[in-house]
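One structure is given below, encoded as structure tokens.
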Amino acid sequence: MSASIILGIESSCDDTSAAIISGSKILSNIAANQAIHNEYGGVVPELASRAHQQNIIPVVEKAFSKANIQQNDICAIGFTRGPGLLGSLLVGTSFAKSLAMSLDVPLIEVNHLQAHILAHFIDDANPTPPTFPFLCLTVSGGHTMIVLVKDYFDMEIIGKTIDDAAGEAFDKIGKIFDLDYPAGPIIDKLAKEGNPDAFQFNKPRMENYDYSFSGIKTSVLYFIQKEVRKNPDFIKENLNNLCASVQRSIIEILMNKLEKASVDLNIKEVAIAGGVSANSVLRKAMEINQEKLGWNIFIPKFEYTTDNAAMIAIVAKLKYERGEFTDIRTTATAKYDL
Ligand code: KG4
Ligand code: ZN
């Protein structure tokens, strides 16, 4: 039997992406980012939906041409049904439904959060895929959670943030430093030239495996306001040290709970996923624990960390094999539990 060829579509936030997968192998993974949000310091939902409308056809066409695949060669279409911004999701959902109808192929809905985690099962994501059960720290702009992955579609959230997500903390603190959106990658870059121990910020005291990131944001804000009153150039003069110190704090908070979960549950298969898993210090911390704690670690390739359609396509492929198809009357959903 030849491998299944599936089109995956992602449009949950501000990236329009399309990918073609053959078996577990990604043939193309195209994304159009929306620079329009940079000047607003965050994603403007209405503008995101409009940009998806403009981007979706060229992105899908490019995915087909890069993969050298004809539309009639695909056997299913996977799309992000949620969670995300409803207006953004509607564009991808409507497009996927229309194309599935016109090509007469089945439609497969995908949960965006499951997709971040299951991206580890893409052919070239890891030398060997994780074995069940494994822990996955899922960290993005909208979510921060420790997930116990018992099977492909049997996941339990054992800890999560009660307020801001880790990516949101990076982005909001970056805004205090007057950095562009999204600030996460910029902080990561500036921190390379800074001293991570230069400044100390409040750490949350949370029960179990839960997180909180609003306290560190407030702590940074008050500290900056105080220092800027004394020296208006404080941020500019200390930017690298500020970024390095903030980054160290956020990553320490993330790793402490992940380490606790690994010890308590006696699970040494540990993965990271989502946009923040691109962070260099988080990646380094995982590598250190591989040595120190004997973890078997799974760190996604950069192209599978931030929102992308390759991760949607692998979930669609796994569901296709299980015969799990979605009714054409399905609708997008902003909230969608794991
Ligand atoms: O998964 P993603 O692309 O979108 C959501 O589903 O939210 O994650 C985007 C988030 C943003 O908050 C961005 O600042 C953060 O991931 N991010 C990073 C890095 N690269 C992206 N945060 C820290 N360090 C990075 N290198
Ligand atoms: Zn995401």
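The table for this structure:
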| quantity | calculated |
| --- | --- |
| Within the range 314-335, tally of residues that are in a helix (DSSP H, G or I), surrounded by 14 or more Cβ atoms within 10 Å (Cβ to Cβ) and either free of Cβ contacts under 8 Å to residues at least 60 places away in the same chain or more than 16 Å from ligand 1 (Cβ to nearest atom) (or both) | 5 |
| Residue within the range 168-186 that is within 16 Å of ligand 2 (Cβ to nearest atom), within 20 Å of Leu282 (Cβ to Cβ), among the aliphatic types (A, V, I, L, M) and buried (at least 17 other Cβ atoms within 10 Å of the Cβ) present | yes |
| Every pair of residues 6+ apart whose Cβ atoms lie under 7 Å, when the first sits in the range 20-38 and is assigned by TED's automatic domain parsing to the domain that holds Asp178 while the second is assigned to a strand (DSSP E or B) and not aliphatic (A, V, I, L, M) | none |
| The range 147-164, residues that are assigned to a strand (DSSP E or B), within 16 Å of ligand 2 (Cβ to nearest atom) and of a type outside the set (Ser, Thr, Tyr) | Val147, Met155, Ile157, Lys160 |
| In the range 75-86, the residues that are buried (at least 18 other Cβ atoms within 10 Å of the Cβ), more than 14 Å from ligand 2 (Cβ to nearest atom) and either under 26 Å from Ser277 (Cα atoms) or more than 26 Å from the chain's Cα centre (by Cα) (or both) | Gly78, Phe79 |
| Complete set of residues in the range 279-299 that are out of contact with any helix residue (DSSP H, G or I) (no Cβ under 6 Å at 6 or more places or on another chain) and touching a residue at least 60 places away in the same chain (Cβ under 8 Å) | Asn296 |
| Hey, Gln247 under 20 Å from Asp180 (Cβ atoms) and either of a type in the set (A, V, I, L, M) or surrounded by 13 or more Cβ atoms within 10 Å (Cβ to Cβ) (or both) or not | yes |
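The values are calculated or read from the model by the stated rules, or taken from the named source; none is laboratory data. Since we're looking at a predicted model, the values are computed, not measured. A quick note on method: Cβ atoms are made from the backbone with ideal geometry, for glycine too, and the neighbour counts reach across all protein chains shown.
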